[in-house]
Amino acid sequence: MADLTRHVLQDSGIWSGPSSSMYKPNCGHSERRLGGITCLSLTGWLFTIVFTYIGFACMITGIFWGADMHIKLRKAWRGLRRARHH
């Protein structure tokens, strides 16, 4: 969602200039190893790496929360502890 918002802001001219670029200036295509990860600017790192993994963490947390995994894991843990002590 963050990268889509960045694109909309760029395309509408609201966010322009070098700070909106995903890649460092003067970073040639031959230097773009690993899919260009070595040429990412600060904006590129934030939008491509940081926000992506924060989104994954939020999604996994939401799935576990919606499935009441914390309650199920607590019950399973207590059951294992009780069985171990008997």
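Which of the residues that make up region 1-25 are more than 15 Å from the chain's Cα centre (by Cα), among the hydrophobic types (A, V, I, L, M, F, W, C) and open to solvent by less than 50 Å² (accessible area, probe 1.4 Å)?
Met22 - this is the single residue of region 1-25 that is more than 15 Å from the chain's Cα centre (by Cα), among the hydrophobic types (A, V, I, L, M, F, W, C) and open to solvent by less than 50 Å² (accessible area, probe 1.4 Å).
Quickly run through region 36-51 and pick out the residues that are more than 9 Å from the chain's Cα centre (by Cα), surrounded by fewer than 16 Cβ atoms within 10 Å (Cβ to Cβ) and aliphatic (A, V, I, L, M).
If the condition is that a residue be more than 9 Å from the chain's Cα centre (by Cα), surrounded by fewer than 16 Cβ atoms within 10 Å (Cβ to Cβ) and aliphatic (A, V, I, L, M), then Ile37, Leu42 are the ones that fit.
With Ser30, Ser21 as the choices, which residue is of a type outside the set (A, V, I, L, M), modelled with pLDDT under 95 and in contact with a helix residue (DSSP H, G or I) (Cβ under 9 Å, 6 or more places away or on another chain)?
Testing whether each residue is of a type outside the set (A, V, I, L, M), modelled with pLDDT under 95 and in contact with a helix residue (DSSP H, G or I) (Cβ under 9 Å, 6 or more places away or on another chain) leaves just Ser21.
The values are calculated or read from the model by the stated rules, or taken from the named source; none is laboratory data. The structure displayed is predicted, hence computed values, not measured ones. Quick reminder, even Gly has a Cβ in these numbers, built from the backbone with ideal geometry, and neighbours come from all protein chains shown. Each accessible area value is taken on the protein alone, full model and side chains, heavy atoms only, with ligands, DNA and RNA left out. Shrake-Rupley method; radii C 1.70, N 1.55, O 1.52, S 1.80 Å.
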